[in-house]
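Following: one structure in structure tokens, then a few remarks.
The values are calculated or read from the model by the stated rules, or taken from the named source; none is laboratory data. Predicted model, so just to flag it, every value in this text is computed and none were measured. Cβ placement follows ideal geometry from the backbone for every residue including glycine, while neighbour counts extend to all protein chains displayed.
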Amino acid sequence: MIDIKDLCKVYIVGDEKVRALDHATLHIYPKEFVSIIGPSGSGKSTLMNIIGCLDVADAGSYHLDGLPIESYSENQLAKIRNEKIGFVFQSFNLIPKLTAEENVELPLIYQGLPRQERAQRVQEALERVGLTKRAKHLPTELSGGQQQRVAIARAIATRPKLILADEPTGALDSKTSQEIIDIFHELHDQGNTIVLITHDPNVAKQAARSIHILDGRISEVKL
Ligand SMILES: Nc1ncnc2c1ncn2[C@@H]1O[C@H](COP(=O)(O)OP(=O)(O)O)[C@@H](O)[C@H]1O
Ligand SMILES: [Mg+2]
């Protein structure tokens with residue numbers, strides 16, 4: 001499903017070159033639950049942004065579902081993101097003025113789904129993360145763990161093939177983190193492909209497979 005070969009990404013800061021990705025090669029199969037683990041600054045978010053079609057590499061190839069992503073235009077990338085990928089971030093990234101259900105509905109509006117279909121999908125998604133009772137709440141009226149559940153509901157409402165989570169438990173205490181990871185386990189059991197990015201070995205080891213990244217290089221792939 002994800003085929004990445006020799007990806008390179010260099011950031012130039014002043015007159016210094018940072019190799020955020022250095023010939024990274026990896027494969028992720030449909031319905032896998034994979035973690036990508038590495039310390040801060042190792043290139044995890046850079047890799048996630050490229051996998052998520054939010055950014056493009058300087059060199060190397062990336063195929064998603066067989067599509068040659070590296071040759072796509074900005075508009076084509078936006079379409080792929082909307083159709084195929086659900087994102088979950090450390091900082092939840094909810095819109096403060098919208099209720100939980102309105103946040104979940106937003107990507108469905110972008111997809112142009114009719115109102116009734118949207119309402120049904122919102123309800124389903126909130127149910128899957130156990131937040132039906134909080135549908136009318138604003139993000140400020142929810143705990144961190146609940147906000148992350150809303151973000152997960154938003155990510156799955158479009159029924160994406162791939163769920164990408166960048167440090168989804170980074171802002172949560174360990175008990176709440178485990179609840180969030182349990183939701184990812186459930187989504188995996190239901191047939192979703194999940195890529196979970198983390199610096200925390202206790203989080204990473206819960207995935208069926210961990211890919212290690214260090215200094216922009218995939219250093220180890222444990223099965
Ligand atoms: N937009 C940017 N401009 C310059 N340097 C960047 C930028 N984004 C990331 N970097 C650098 O690239 C390296 C990898 O960063 P990142 O992918 O965010 O790592 P991680 O998510 O593992 O902490 C770091 O050295 C970081 O400072
Ligand atoms: Mg990061």
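If I filter the stretch 37-58 down to residues being in contact with a His (Cβ under 8 Å, 6 or more places away or on another chain) and more than 6 Å from ligand 1 (Cβ to nearest atom), which single residue comes out as farthest from LEU7 (Cα to Cα)?
Filtering first and then ranking leaves PRO39.
Do you know which residues across the stretch 56-78 are of a type outside the set (S, T, N, Q), under 17 Å from HIS23 (Cβ atoms) and surrounded by 14 or more Cβ atoms within 10 Å (Cβ to Cβ)? Break it down stepwise before answering.
Filtering the stretch 56-78 for residues of a type outside the set (S, T, N, Q) gives 56-60, 62-70, 72, 74, 77-78.
From what is left, the residues that are under 17 Å from HIS23 (Cβ atoms) are 56-60, 62-63, 70.
Result: VAL56, ALA57, GLY60, TYR62, HIS63, GLU70.
Can you name every residue in the stretch 33-46 that is farther than 13 Å from HIS212 by Cα and away from ligand 2 (no atom under 12 Å from the Cβ)?
PHE33
Being touching an Asp or Glu at 6+ places or on another chain (Cβ under 8 Å) and more than 16 Å from ligand 2 (Cβ to nearest atom) is the filter here, so list the residues in the stretch 47-57 that pass it. Give the derivation first.
Just the residues of the stretch 47-57 that are touching an Asp or Glu at 6+ places or on another chain (Cβ under 8 Å), to begin with: 48-49, 56-57.
Scanning the stretch 47-57 gives VAL56, ALA57.
Give the residues of the stretch 117-154 that are without any contact (Cβ under 8 Å) to a residue 60 or more places away in the chain and of a type in the set (A, V, I, L, M), sorted by residue number.
Scanning the stretch 117-154 gives ALA119, VAL122, ALA125, LEU126, VAL129, LEU131, ALA135, LEU138, LEU142, VAL150, ALA153.
Within the stretch 58-105, restricting attention to residues that are of a type in the set (A, V, I, L, M, F, W, C) and touching a Pro at 6+ places or on another chain (Cβ under 6 Å), which residue is nearest to ligand 2 (Cβ to nearest atom)?
Restricting to residues being of a type in the set (A, V, I, L, M, F, W, C) and touching a Pro at 6+ places or on another chain (Cβ under 6 Å), the top hit is VAL88.
Only one of these conditions is not met by VAL56: (1) aliphatic (A, V, I, L, M); (2) assigned to a helix (DSSP H, G or I); (3) over 14 Å from the mean Cα position of the chain (by Cα). Which number is it?
With respect to (1) aliphatic (A, V, I, L, M); (2) assigned to a helix (DSSP H, G or I); (3) over 14 Å from the mean Cα position of the chain (by Cα), VAL56 is out only on (2).
Could you say whether any residue in the stretch 24-32 is within 16 Å of ligand 2 (Cβ to nearest atom) and either in contact (Cβ under 8 Å) with a residue 60 or more places away in the chain or not hydrophobic (A, V, I, L, M, F, W, C) (or both)? Even if it seems obvious, please write down each step before you answer.
From the stretch 24-32, those within 16 Å of ligand 2 (Cβ to nearest atom) are 24; that's our starting set.
Next, only the ones that are either in contact (Cβ under 8 Å) with a residue 60 or more places away in the chain or not hydrophobic (A, V, I, L, M, F, W, C) (or both) stay: 24.
Scanning the stretch 24-32, I find at least one residue that is within 16 Å of ligand 2 (Cβ to nearest atom) and either in contact (Cβ under 8 Å) with a residue 60 or more places away in the chain or not hydrophobic (A, V, I, L, M, F, W, C) (or both), so the answer is yes.
All but one of (1) touching a residue at least 24 places away in the same chain (Cβ under 8 Å); (2) touching a helix residue (DSSP H, G or I) at 6+ places or on another chain (Cβ under 9 Å) hold for LYS175, so report the exception by its number.
That leaves (1) as the condition not met.
Keeping to the stretch 115-127, report how many residues are out of contact with any Lys or Arg (no Cβ under 9 Å at 6 or more places or on another chain) and either of a type in the set (D, E, K, R) or modelled with pLDDT under 95 (or both).
Residues flagged as out of contact with any Lys or Arg (no Cβ under 9 Å at 6 or more places or on another chain) and either of a type in the set (D, E, K, R) or modelled with pLDDT under 95 (or both) within the stretch 115-127 amount to 5.
Only residues in the stretch 95-116 that are within 25 Å of GLN146 (Cβ to Cβ) and touching a residue at least 12 places away in the same chain (Cβ under 8 Å) count as the first member; pair them with residues that are exposed (fewer than 11 other Cβ atoms within 10 Å of the Cβ) and not β-branched (Val, Ile, Thr), Cβ under 9 angstrom, at least 6 apart or cross-chain, and list the lot.
Matching pairs, first to second residue: THR99/LYS136; ALA100/LYS136; GLU101/LYS136.
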